[in-house]
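J.: Next up is a structure, given as structure tokens.
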Amino acid sequence: MTAAGGTISILVGAVLLRLTLTDTHLRYVRPELGPFLLVAGLAVVALGFATLVRALRETPTDVHGHGDLEHHHEHGIGVGWLLLAPIAALLLVAPPTLGAYGVGRTANIEIRAGHGVFKPLDPNAGPVSMTLLEYGQRSFERNGASFRGAPVELTGFVAEAEAGGFQLARYQIACCAADASPIVVKVVGTAGDRPVVDGWVRVTGNFRRPEGDVPRVSATSVAEIPAPRDPYE
Amino acid sequence: MSGTELMNGGRGAAGARRRIRADLGLAAVLVVVLAAAALRPALEDLLDRPAVAHWATIFVSITIAAMPFLVLGVTISAAIAAFVPAGLLPRVLPDRPAAAVPVAAVAGAALPGCECGSVPIARRLISRGAPAAAALTFLLSAPAINPIVMVSTAVAFPDQPEVVAARFLASLLAAIAVGLVWARFGKEALLGRARRTHGDEGRPLSVLVSTAQHDLLHAGGFLVVGAATAATLQTVVPRSVLDTLSGSPALSVLALAGLAVLMAICSEADAFVAASMTQFSMTSRLAFMVVGPMVDVKLIALQAGTFGRRFAIRFAPLTFVAAVVSAALVGWVLL
């Protein structure tokens, strides 16, 4: 194997380490994969250095007649060159988190399914922060009886702005962004400017009866916020 | 160094030629990286388009998420090459495929990984002399029935243990069926590339490094091809096409089996996706979970690269049919 192969490995490993140490990996995979990415990155960097060292030492060994190294030269890097594509993409411009584009294209989660009976919320405890999934499930469970009038706080990005409201969305991912399914909550009763599509917002509001399959929230305030550390639920 | 080369005449010249080739390769890596850096503004402009950004995110996600599993698979494969003596596997494994195939299928339960890792391992088992039918059965069963996959299925389908049991049974059946069909009709010539034991000789540590390096670049390259394909399909094909198919029971099984091939989701995550597709019948979602770990665009690319294209165009359809039939039968009985 050539010095080039070793160098590609070092680059692959370095990209994995950099992604994980800068939290950029959260755009692409579940947070639980982080430690595994670190271990894989270290292993690949070590492998790359070992290959590089062997490649630099190879001529003298070869001269002394250890023929086995000769075989390894027969393997080119071949398709391994393609690994440079994601490396280049990630080192230079890390692709963004999934946004509004995918909301209409991927299967929406059927939120009616899933959860059992929810514990009722305390109406006097201030806004309750919850995931869009939980909000949707509570909305369909006993017609939203578990809210008992308590205000809620929802965080997501704007998938589509329409008159008098917008669609708030956030993706659920199970392993990586390839399996993402969006959850959409319709925000109604907003005044003022339409929010920017793909911008992140925190919505405080109250339960409103769902419209067909789509849960709704009646907003009392909408605040623009920076994207959260982990953009997925 | 150059003195030694001179004294050794012809050999030294060959060594120098190789050295030049190695240096050219290194220069090429640097050129690619520098070119990409120069093109950075153009790349940023591209990512401003939502469709391109969506594609890039999915492409990078599949590649990144597969890396730990690929590294695990490559490590095990290299360890087999370095430390399992040639001739051991054929001695310990049963000779008759009827015995070896089920053993290999059940052994798959011991490898906690997803499908990307099992391809280099199966190749290594074959090059170490394991019967091809047994190695291929292991290739199919390991990502489908390992403990992590079973647990994630149980989590995705709470209070429905019959789904976990159905997935286990249907995957095991499909893997064994493919193994037995291969044992009966498979041609050894199709696996010629995997039988070669190139570079397996030498000191164990040196074999470990060179095998791991070779397998990583090779499998990694095909993983990139597969991830790009899956990202393209996910960006281009709207999911609403599938919703129109969910009405008919037979069509919905085929639709979700096809979707599993196109989406190329990691086998440890597909249960959650299957759980969310409630508009489809339980049996069709079972087909999604049985087909996914065995046939998908990323795996086809990996297998074509590892075993050869002629192998992949026979093996992938065979596996697809076995997985769909097995899921339909088990789903009909159990679900």
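J.: Could you tell me how many of the residues in the range A:81-102 are farther than 10 Å from B:A36 by Cβ and not in a loop (DSSP other than H, G, I, E, B)?
T.: Count: 8.
J.: Here's a follow-up. Cβ-Cβ distance below 8 Å, separation of 6 or more or different chains: which pairs start in the range A:1-21 with a residue that is within 16 Å of A:L92 (Cα to Cα) and assigned by TED's automatic domain parsing to the domain that holds A:E32 and end on one that is hydroxyl-bearing (S, T, Y) and outside any helix (DSSP H, G or I)?
T.: Listed by first residue and then by second, the contacts come to A:L19/A:Y28.
J.: Sticking with this one: With the structure loaded, tell me whether B:A228 is part of a helix (DSSP H, G or I) and at pLDDT below 80 or whether it fails that test.
T.: So B:A228 fails the test.
J.: Scan the range B:256-302 for residues that are farther than 19 Å from B:F157 by Cα, within 13 Å of chain A (Cβ to nearest Cβ) and touching an Asp or Glu at 6+ places or on another chain (Cβ under 9 Å) and report the count.
T.: Here the count works out to 6.
J.: List every residue pair whose Cβ atoms sit under 9 Å apart, with the two residues 6 or more apart in sequence or on different chains, where the first one lies in the range B:41-62 and is closer than 19 Å to B:A230 by Cα and the second, anywhere, is surrounded by fewer than 12 Cβ atoms within 10 Å (Cβ to Cβ).
T.: Filtered contacts from the range B:41-62: B:A51/B:V236; B:W55/B:V236.
J.: Let me confirm something: among A:V39, A:V53, which residue is in a helix (DSSP H, G or I), at pLDDT below 90 and surrounded by fewer than 18 Cβ atoms within 10 Å (Cβ to Cβ)?
T.: After applying the criteria, what remains is A:V53.
J.: OK, next. Just checking, how many residues over the range A:97-116 are more than 7 Å from every other protein chain (Cβ to nearest Cβ), under 24 Å from A:N206 (Cα atoms) and modelled with pLDDT under 80?
T.: Qualifying residue count, the range A:97-116: 6.
J.: Quick check on the range A:12-47: of everything there that is of a type in the set (D, E, K, R) and over 14 Å from B:P68 (Cβ atoms), which residue is farthest from the chain's Cα centre (by Cα)?
T.: A:R18
J.: Something else now. Which of the helices (runs of 4 or more DSSP H) contained wholly in the range B:64-153 include at least 2 residues that are at pLDDT 80 or above and in contact with a Pro (Cβ under 7 Å, 6 or more places away or on another chain)?
T.: Those helices (runs of 4 or more DSSP H) span B:97-107, B:132-145.
J.: In the range A:87-96, what count of residues is obtained for those that are crowded, with 20+ Cβ neighbours inside 10 Å, facing another protein chain (nearest Cβ under 7 Å) and modelled with pLDDT of 80 or more?
T.: Selection size over the range A:87-96: 1.
J.: Follow-up. Among the residues of the range A:139-158, write down those that are surrounded by fewer than 22 Cβ atoms within 10 Å (Cβ to Cβ), touching a helix residue (DSSP H, G or I) at 6+ places or on another chain (Cβ under 9 Å) and modelled with pLDDT of 90 or more.
T.: Hits for the range A:139-158 are A:V152, A:T155.
The values are calculated or read from the model by the stated rules, or taken from the named source; none is laboratory data. As the structure is a prediction and not an experimental result, all values here were calculated from the model. Cβ: placed from backbone, ideal geometry, glycine included. Neighbour counts: every protein chain shown.
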